[in-house]
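**Q** Could you have a look at this structure, given as structure tokens, before my questions?
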Amino acid sequence: QTEIYGKGALMGITPTVTTDPRLLEEQAKRALGTRAFNYVAGGAGEKATMDANRLAFRQWKIIPRMMRSMNGQDVSVELFGQKYDNPVIMAPIGVQGIFHEDRETGLAAVCAEEGVPYTMSTASTCSIEDVATASGDGKRWYQLYWPHDNNITLSLLNRAKANGFSVLVITLDTWALAWRPADLDNAYVPFIKGIGCEVGFSDPVFRAKFEKESGSKIEDDIMGASRAWLGEIFASDPHTWEDVAFVRKHWDGPIVLKGIQHVEDAKMALACGCDGIAVSNHGGRQVDGAIGSLDVLPEIVDAVGDKMTVLFDSGIRTGVDIIKALCLGAKAVLVGRPIIYGLGINGRDGARQILKGLLADFWQSMGLSGIRTVSDCNREMIRKVQHAG
Ligand code: FNR
């Protein structure tokens, strides 16, 4: 303790990334170009949902207990029959290559070193195979932007399975991209230029389909291939609940539906045979004016929490945020922007600092709150307090 405060969080090494969550975004803004920064920091509409996500966290207060030793403190969790060192998962984030040349492979390696599962996005700038190699023995999950062509879906699932991705996360809330002014004003469309299409371009089934239909090789028509890939993953209509049966049939590992905000949808996910859900509003990037993600967590946990694994994301910035989500019933949380800011500021070292800092903050805050294990997190440890004004 005295050593940390005497030498700083990095034990004497000058940090390249701030440990202050309020300053991190500012630092990322200076480090990243406008377009990349706007892409990560942006949200839908006037960012009302992003605000609601943070407000929801602020309204819940921890009620710490005293004289409880940290000896034996253990923050490991079991998810889908597997033990994890921490209840923290790297959220799927697309097009990481625009933030730093270390991109998905660099971040997957960092997550493996820190014992945090890396969730790979379908919109990555690296192939499934390259991310798996970089992740090595690390735990890895695969996030599906769900193609409408079942042959392409099958090909992605098979590649993910063959490359050691254990959990399938299907994102439901982004079947079309939302109105995101910060991206629209910059005419910033990374996908159209082929960035973020690597998973598709390296897919043999998509390649064959594109070449057959267009008569060109992907490399000779990057714009056309990008549009075709985008059409596959962000189609004009969402899938249906009945379609889940197809994926269920072809994926024998756990399936998590991401983007659940309504109790009835949580019940549908359960009825479809899914193993988990991620209560998430995509970090406020889809429906502007949507409810804060933490605000719907308790009712969803009450409805399905004893029958399936409820994960949470949208708005986690600090260790106590993780505690609050766990106290409201989440089994683990996914973290997005802060780690990407670290990646953008200083590549894999920056991402590592943010991740290590968040885990240390969580550990310390658990101890100081008198909570020894994740299963000791419960609603008696927190209270909702709304201050006027
Ligand atoms: C995302 N998110 C996301 N989700 C997903 O399922 N697939 C994806 O490719 C992406 N891409 C993506 C890019 C960027 C730049 C951001 C910020 C977010 C959503 C992400 O997984 C997660 O739900 C949110 O980031 C969580 O909110 P916080 O932690 O960023 O507040």
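**Q** Looking at 157, 107 in this structure, which one is out of contact with any Ser or Thr (no Cβ under 7 Å at 6 or more places or on another chain) and closer than 19 Å to residue 40 by Cβ?
**A** Only one candidate qualifies: 107.
**Q** Out of 125, 119, which single residue is within 16 Å of the ligand (Cβ to nearest atom) and in a strand (DSSP E or B)?
**A** 119
**Q** Do you know which of the residues in region 86-144 that are among the polar types (S, T, N, Q) and touching a helix residue (DSSP H, G or I) at 6+ places or on another chain (Cβ under 6 Å) is nearest to residue 36 (Cα to Cα)?
**A** 96
**Q** Would you tally the residues in region 221-257 being out of contact with any Leu (no Cβ under 8 Å at 6 or more places or on another chain), among the aromatic types (Phe, Trp, Tyr) and either on the phi > 0 side of the Ramachandran plot or buried (at least 17 other Cβ atoms within 10 Å of the Cβ) (or both)?
**A** Of the residues in region 221-257, 1 are out of contact with any Leu (no Cβ under 8 Å at 6 or more places or on another chain), among the aromatic types (Phe, Trp, Tyr) and either on the phi > 0 side of the Ramachandran plot or buried (at least 17 other Cβ atoms within 10 Å of the Cβ) (or both).
**Q** Is it true that residue 99 is in contact with a Gly (Cβ under 8 Å, 6 or more places away or on another chain) and away from the ligand (no atom under 12 Å from the Cβ)?
**A** Judged against the criteria, residue 99 is not a match.
**Q** I've got another one for you. With respect to residue 170, is the statement that it is touching a residue at least 12 places away in the same chain (Cβ under 8 Å), away from the ligand (no atom under 16 Å from the Cβ) and open to solvent by less than 50 Å² (accessible area, probe 1.4 Å) true?
**A** No: the conditions fail for residue 170.
**Q** Among the candidates 119, 133, 171, 125, which residue alone is among the polar types (S, T, N, Q) and more than 26 Å from residue 239 (Cα to Cα)?
**A** None of the other options fit; the residue is 133.
**Q** Could we say that residue 353 is part of a helix (DSSP H, G or I), surrounded by 23 or more Cβ atoms within 10 Å (Cβ to Cβ) and more than 16 Å from the ligand (Cβ to nearest atom) here?
**A** yes
**Q** Right, here's the next one. Take region 186-206 and flag every residue that is without any contact (Cβ under 8 Å) to a residue 24 or more places away in the chain and more than 23 Å from the chain's Cα centre (by Cα).
**A** Matches in region 186-206: 187 only.
**Q** Return the residues of region 310-350 that are of a type outside the set (Val, Ile, Thr) and out of contact with any Leu (no Cβ under 8 Å at 6 or more places or on another chain); say none if nothing qualifies.
**A** Passing the criteria: 317, 321, 326, 327, 336, 337, 346, 347, 349.
**Q** Return the pair list, or none, for Cβ contacts closer than 6 Å from residues in region 72-95 that are farther than 15 Å from residue 333 by Cα to residues that are modelled with pLDDT under 95 and within 16 Å of the ligand (Cβ to nearest atom), at least 6 apart or on different chains.
**A** These pairs meet every condition: 94/196; 95/190; 95/195; 95/196.
**Q** Does residue 62 satisfy being away from the ligand (no atom under 16 Å from the Cβ), loosely packed, with under 13 Cβ neighbours inside 10 Å, of a type in the set (Val, Ile, Thr) and at negative phi?
**A** no
**Q** Could you tell me how many of the residues in region 283-296 are closer than 20 Å to residue 383 by Cα and either buried (at least 24 other Cβ atoms within 10 Å of the Cβ) or touching a helix residue (DSSP H, G or I) at 6+ places or on another chain (Cβ under 6 Å) (or both)?
**A** 4
**Q** Residue check, residue 341 against (1) hydroxyl-bearing (Ser, Thr, Tyr); (2) away from the ligand (no atom under 14 Å from the Cβ); (3) surrounded by 24 or more Cβ atoms within 10 Å (Cβ to Cβ), all met but one. Which one?
**A** Going through (1) hydroxyl-bearing (Ser, Thr, Tyr); (2) away from the ligand (no atom under 14 Å from the Cβ); (3) surrounded by 24 or more Cβ atoms within 10 Å (Cβ to Cβ) one by one, residue 341 breaks only (2).
**Q** How many residues are polar (S, T, N, Q), away from the ligand (no atom under 11 Å from the Cβ), open to solvent by less than 40 Å² (accessible area, probe 1.4 Å) and closer than 23 Å to residue 325 by Cβ when one looks only at region 19-54?
**A** So the answer is 0.
**Q** State whether one or more residues within region 211-232 are among the hydrophobic types (A, V, I, L, M, F, W, C) and within 16 Å of the ligand (Cβ to nearest atom).
**A** There is at least one residue in region 211-232 that is among the hydrophobic types (A, V, I, L, M, F, W, C) and within 16 Å of the ligand (Cβ to nearest atom).
**Q** Report whether or not residue 89 is of a type in the set (A, V, I, L, M), within 16 Å of the ligand (Cβ to nearest atom) and more than 24 Å from residue 310 (Cα to Cα).
**A** no
**Q** Still on this structure: For region 260-268, state whether one or more residues are within 14 Å of the ligand (Cβ to nearest atom), of a type outside the set (Ser, Thr, Tyr) and in contact with a helix residue (DSSP H, G or I) (Cβ under 7 Å, 6 or more places away or on another chain).
**A** Yes, region 260-268 has at least one match.
**Q** Condition first: away from the ligand (no atom under 15 Å from the Cβ), part of a loop (DSSP other than H, G, I, E, B) and closer than 16 Å to residue 381 by Cβ. Can you find one or more residues in region 314-329 that meet it?
**A** Yes, because at least one residue in region 314-329 is away from the ligand (no atom under 15 Å from the Cβ), part of a loop (DSSP other than H, G, I, E, B) and closer than 16 Å to residue 381 by Cβ.
**Q** Show the residue pairs that are 6+ apart or on different chains and have beta-carbon atoms under 6 Å apart, the first residue being within region 140-165 and at positive phi, the second being more than 16 Å from the ligand (Cβ to nearest atom).
**A** 164/132
The values are calculated or read from the model by the stated rules, or taken from the named source; none is laboratory data. This one's a predicted model, so the numbers in the text were calculated from it and none came from an experiment. Note: ideal-geometry Cβ built from the backbone for every residue, glycine included; neighbour counts use all protein chains shown. Areas reflect the complete protein model, heavy atoms only, side chains present, ligands, DNA and RNA absent. Shrake-Rupley method; radii C 1.70, N 1.55, O 1.52, S 1.80 Å.
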